[in-house]
Amino acid sequence: MKYFVLTLGCQMNLSDSERLTTVFANMGFQRTDNEEEADILGIVACSVRQKAIDKVYSRIHLWNKWKKDRSLITFVTGCILDDDKKKFLKTFDLVFGTNDIAGLPEMISQYGIVSPGALMNHHGQKEFWDIDPSYDSNYEAFIPIQNGCDKFCTYCAVPYTRGREVSRPSSEILEELKKLVAAGYKSITLLGQNVNSYGLDKKGEEISFAQLLEEIGKIGDASDHPFWLYFTSPHPRDMTEDVLETMAKYSCLAKQIHLPLQSGDNEILKKMNRNHTLAEYKVIVDNIRRLLPGATLFTDIIVGFTEETDDNFENTRRAMEEIGYNMAYIATYSPRPGAVSSRWDDKVTMEEKKRRLHILSDVFIRSATRFNEDLVGQTVPVLVTGKSRDGKRWTGLTEGKINIHFTSGSELKVGEFSKVKVTENTGISLGGEYTS
Ligand code: SF4
């Protein structure tokens, strides 16, 4: 039997997919990238963007047509809003939450008997985390440490699709991490909608996020296998100083932080329900610069949020200039199905949103370039990730996740650390020469 899975959306869904692969492998099913030869066809869906939802409908429409000629089982899981769930139940054979992935063999054997009431509960969360994922890479891995979100940002539907925050037991996280380190994984990322609120749902019973990092730091110190540990995404509200202090203590805790700003305007931040002001965010940035000098800072920005005025936008532009990011993922605002803001007027035109996006891109490129200038002449550790398109140079990532293209006289191994002398600043990336 062969199965085909289409994974849409974010890194969290890709991580869910890795566990799905294991469940299928344990059932003796073979994966195929050719949906025409699959017996089981499924989608790990994303409700965040209408485009992703449209893709789900176009797929299932096609698969249901094929059903006239051959027997197939279709399923959908992932981030699904209640309204979509009801509609999917009419078109897919199986609809289930990611927490229920462990129950897939049973569902397939009794195919069709899944009731809507059994969907998206949290009883399966433990079983879900117990599944050993089949990692797509042999040097980079993601460990889910928490699922769901309690923050309710007005532009986001995650609290409605994935439910409230549930932290995974730290013993399991550390176990998974130890296995990855022993197997030689070099880039390991702790994953969650709100990674740094880890443990808050189990206060008194579970360790905090800073303590979790401390435990990982100790594992790194005691291991002969070097690795870089990242986490994404934290929420500014939970970015406490002890997290940064712990990062400063251990060399395996990579000095790179992705701290979503979304907007640099207090009025917009309030409308987004981010629950912090720009001044509070800047205090965290000051702490990062003080405790982790040289760390790279990434962010997410939404431009044109509902009624964002020129003045609101100017505050974001100024904030970005003052803070100075190494990378900014800037999105033009579009209403997300199921999110509170989808009921509000989306007044800024797409043309204006794009204009603002370009202005912010220029700002972040300037600050990234300034930062990179200081790296020229330094020899830095680099994780080799492949070869450039023309095959003449190698590609890699610095500890701060800056892309580097470099030459080497000898053959290198993808997924290993190398030392590279930075010779060139090419804007948001670097050029260099392999040294050892
Ligand atoms: S954007 Fe806000 S509501 Fe959505 S997952 Fe992140 S913190 Fe939670």
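Checking Cβ-Cβ separations below 4.7 Å across the chain identifies Cys10, Cys46, Cys79, Cys149, Cys252 as cysteines lacking any candidate disulfide partner.
Classify the stretch 379-434 as rounded, prolate or oblate, taking a ≥ b ≥ c as the square roots of the eigenvalues of its Cα gyration tensor: rounded when a/c is under 1.5, otherwise prolate if a/b is larger than b/c and oblate if not. Rounded. Taking 26 Å as the straight-line reach from the Cα of Lys271, the lysines in range (excluding those fewer than 8 positions away in the same chain) are Lys51, Lys151, Lys282, Lys347, Lys353, Lys354. Taking amide H positions as placed 1.01 Å from N in the peptide plane, with prolines and chain starts having none, which residues 5 or more places from Thr189, or on another chain, fall under 5 Å of its amide H? Under 5 Å from the amide H of Thr189 lie the amide H atoms of Ala141, Phe142, Ile143, Tyr230, each far enough along the sequence or on another chain. Exposed loop sites here are trypsin sites (Lys or Arg not before Pro) assigned a DSSP state other than H, G, I, E or B and surrounded by at most 12 other beta carbons within 10 Å; excluding them, the longest clear run of the chain is 165-346. Name the shape class, rounded, prolate or oblate, that the alpha-carbon gyration tensor gives for the stretch 2-118, where a ≥ b ≥ c are the square roots of its eigenvalues, rounded holds for a/c under 1.5, and otherwise prolate holds if a/b is larger than b/c and oblate otherwise. Rounded, since a/c falls under 1.5.
A cut-off of 5 Å between modelled amide H atoms, ignoring neighbours fewer than 5 places along the same chain, links Glu165 with Cys149, Asp150.
Of all GluC sites (Glu not before Pro) in the stretch 201-260, which ones are in loop regions per DSSP and have a Cβ with at most 11 other Cβ atoms within 10 Å? Don't jump to the answer; show the numbers that get you there.
Working: sites: Glu205, Glu206, Glu214, Glu215, Glu241, Glu245; in loops: Glu205.
Qualifying residues, ordered by number: Glu205.
Counting beta carbons within 10 Å around each of Ser408, Ser109 and listing the fewest first gives the order Ser109, Ser408. Look at the alpha carbon pairs under 8 Å that are at least 6 residues apart: their mean separation over the length of the stretch 2-118 gives a relative contact order of 25 percent.
Taking amide H as placed 1.01 Å from N in the peptide plane, the amide H of Gly78 sits under 5 Å from that of Ala45, Thr98, each at least 5 places away or on another chain. Between rounded, prolate and oblate, where does the stretch 128-373 land on the alpha carbon gyration tensor, with a ≥ b ≥ c its root eigenvalues, rounded for a/c under 1.5, else prolate if a/b exceeds b/c? Note, shape of the stretch 128-373 comes out prolate.
The DSSP beta bridges internal to the chain are antiparallel in roughly 35% of cases.
Just so you know, all these numbers are worked out from the coordinates, no wet-lab data involved. On a predicted model such as this, the values are computed, not experimentally measured, just so you know. Reconstructed Cβ throughout: ideal geometry from the backbone, glycine too, with neighbour counts over all protein chains shown.
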